[in-house]
Amino acid sequence: MIVVLLGPPGAGKGTQAQKIEKTQGLVQLSTGDMLRAAVTEGSKVGKKAKDFMEAGKLVTDEIVVKIIENRIQKVDCKNGFLLDGFPRTLTQAKALDNMLNQKSLKLNAVVEMQVDDEALVDRIIGRYTCTACNQGYHGENLKPKVDGVCDNCGSTNFKRRVDDNRETVSSRLEAYHSQTAPLLPYYKEQGVLRVVNGMVDIGDVSVQINDVLSSLN
C-alpha cells in the first residue's frame, strides 16, 4: 500500500504518520530524512543534493523524486510506504505519479487531515515542550498536572519553537493553501482522496485514518 498524508503545518501529520507506521506496517518516509540520509551515504543523487544544499539553494523536484525512487527500492518498503511532507505542489505530484507509473506502482490513498485555520493557529502558538524529554504540552488544552513541572520526567524547563508565533504560522498556512491545496482536486479526480477530521483528539484522528486504510486492504 502506498499512502500520502496531506494537511497544513501543525495538523499533526508527523504524529499520525508514526501511528500509521505501527498499525499498518508501512514505512514512514520523510523527504527531509531521506535527503539527509542520501547526503550521508554519498550516493550519486545524494552528492547532487549536497551541492544544492551547500549553495543555499532548494533541492530540485527531480532530485527529490530520484531520492524517493532509490529509497522505496529498499527491502523495508516492499509492503508499502507512507509519504509525509511530499508532494507539496502539483508539479511534484505529477513527477511522483510518473515515477510510480514507471515502476508499475500507484497511490492507494491520499489522506487529507482537514482542519480549521484559526483553530490550528491557536493550537500551534500554544504548544511547548519539555527541554529534557521533549514531552509536548499546550497552554490551554494540555497543561502539566502540576504547573511548571513535566508529567513525564519532572523537569521544570520548557521551550517553545521560535517560529510558533501567529505571523509565521499564518504565513505558512497561506503557502499551504496556495501551493498544496491544488493537490486536492487533482487527487480527487484520480479517486484516491480521502478526508478525515483533523480537529478531533489525536486518538480519534488515528481511528479515522485506520478505518480509511483498512477499507483499502
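The values are calculated or read from the model by the stated rules, or taken from the named source; none is laboratory data. A quick note: this is a predicted structure, and the numbers were derived from the prediction, not measured. Here the Cβ positions follow ideal geometry from the backbone for every residue, glycine too, while neighbour counts run over all protein chains shown.
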Those residues of segment 192-217 which are touching a residue at least 40 places away in the same chain (Cβ under 8 Å) and in contact with a strand residue (DSSP E or B) (Cβ under 7 Å, 6 or more places away or on another chain), in sequence order: V192, L193, R194, V195, V196, N197, G198, V205, I209, V212, L213, L216
Residue match in segment 112-135 (condition: among the β-branched types (V, I, T) and touching a Leu at 6+ places or on another chain (Cβ under 7 Å)): no
From K143, K188, residue being farther than 24 Å from V59 by Cα, modelled with pLDDT of 95 or more and out of contact with any strand residue (DSSP E or B) (no Cβ under 6 Å at 6 or more places or on another chain): K188
Among (1) within 15 Å of I2 (Cα to Cα); (2) not in a loop (DSSP other than H, G, I, E, B) - the single one D33 does not satisfy: (1)
Failed item, numbered, when K188 is tested on (1) free of Cβ contacts under 8 Å to residues at least 12 places away in the same chain; (2) among the charged types (D, E, K, R); (3) closer than 25 Å to V121 by Cβ: (3)
Matching residues in segment 8-30 - criterion: being in a helix (DSSP H, G or I) and of a type in the set (G, A, S): G14, A17
Filtered residue count, segment 53-85, keeping only those that are modelled with pLDDT under 90, within 28 Å of Q208 (Cα to Cα) and surrounded by 12 or more Cβ atoms within 10 Å (Cβ to Cβ): 2
Residues located in segment 72-94, provided they are assigned to a helix (DSSP H, G or I) and either β-branched (V, I, T) or touching a strand residue (DSSP E or B) at 6+ places or on another chain (Cβ under 9 Å) (or both): V75, D76, C77, T91, A93
Every pair of residues 6+ apart whose Cβ atoms lie under 9 Å, when the first sits in segment 70-93 and is under 15 Å from V111 (Cα atoms) and aromatic (F, W, Y) while the second is at pLDDT below 90 and surrounded by fewer than 18 Cβ atoms within 10 Å (Cβ to Cβ): F86/S30
Residues of segment 105-122 satisfying the condition of being touching a helix residue (DSSP H, G or I) at 6+ places or on another chain (Cβ under 9 Å) and among the hydrophobic types (A, V, I, L, M, F, W, C): L105, L107, A109, V110, V111, M113, V115, L120, V121
